[in-house]
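Here the structure comes first, spelled out in structure tokens, and everything after it is commentary.
Every number in this text was worked out from the coordinates using simple rules, so none of it is lab data. Source: prediction; values computed, not measured. Reconstructed Cβ throughout: ideal geometry from the backbone, glycine too, with neighbour counts over all protein chains shown.
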């Protein structure tokens with residue numbers, strides 16, 4: 001028997017588990033954002049996610065674990081999706097523009113969770129907060145890599161790769177945090193276009 005072969009039954013079970021986890025995480029992000037972390041009950045969450053209370057506890061130990069998972073879920077999206085969304089066959093400026101768009105679109109898909117992360121991060125345990133910080137530093141590594149390559153090629157003027165990475169992350173988060181204002185006036189695509197122009201104007205070397 002081929003050890004690399006996947007048991008169809010196990011694959012189906014894994015898909016079901018992933019789907020249930022996603023239901024619970026999305027419902028948790030929505031409820032915590034709407035009524036607050038402390039006001040949310042597991043019973044209410046189970047009803048919102050259309051699962052049993054027992055299933056919630058089966059996948060997550062409790063509210064603290066849920067909050068941690070909701071916040072980490074965004075950062076894991078960055079880590080999993082960015083490598084395939086950033087082109088390596090184009091100039092550094094185009095790579096940076098593509099990376100900024102990818103960051104903004106990922107945040108837009110998890111807007112409630114992103115706002116929740118800012119609002120409730122103080123609720124995390126010390127270990128949980130340390131892990132979130134570690135994951136965040138890893139998620140901006142692609143930006144650092146692009147900027148360092150741009151500096152080496154002369155495409156970018158002297159800039160701090162750490163600050164550029166921080167700026168990209170804050171631009172993406174800004175769509176979630178200030179959506180109540182910005183989102184009412186312009187679309188996500190317009191937001192990305194304007195922010196890209198500003199970012200590239202600041203980092204691109206004069207020709």
Equivalent-ellipsoid semi-axes of the chain, from the Cα gyration tensor, Å, largest first: 35, 22, 15
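Can you give the FRET efficiency to the nearest 0.05 for residue 180 and residue 7, using r as the Cβ-Cβ distance and R₀ = 45 Å?
Values: r = 47 Å, r/R0 = 1.06.
It comes out at approximately 0.40.
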Span from the segment 149-183 Cα centroid across to the segment 94-113 one, whole angstrom: 11
Backbone N under 15 Å from the residue 85 label point (7 Å along Cα→Cβ), restricted to segment 131-170: 139-143, 168-170
Relative contact order of the chain, defined on C-alpha pairs under 8 angstrom at six or more residues apart (%): 21
Angle in degrees between helix 63-85 and the longest Cα principal axis of the chain, rounded to the nearest 10: 40
Rg to Rh quotient for segment 1-114, alpha carbon positions, Kirkwood Rh: 1.09
Shape of segment 98-207, Cα gyration tensor, a/c cut at 1.5: oblate
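Give the peptides 183-190, 37-44, 97-104 in descending order of average Cβ contacts within 10 Å, highest first.
Details: 183-190: 11.4, 37-44: 14.0, 97-104: 21.8.
The packing order, highest mean first, is 97-104, 37-44, 183-190.
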In degrees, nearest ten, helix 126-139 long axis to first principal axis of the chain (Cα): 40
Nearest-ten-degree value, helix 141-153 long axis tilted from longest Cα axis of the chain: 10
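Would you calculate, for the chain, the mean residue ellipticity at 222 nm contributed by helices, counting each DSSP H stretch of 4 or more residues as -39,500 (n - 2.57) and dividing by all residues, to the nearest 500?
Details: 11 runs with 161 residues, N = 207.
Calculated from helices alone, the mean residue ellipticity at 222 nm is -25500 deg cm²/dmol.
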Cα→Cβ-extended label distance, 7 Å offset, between residue 207 and residue 153, nm: 1.2
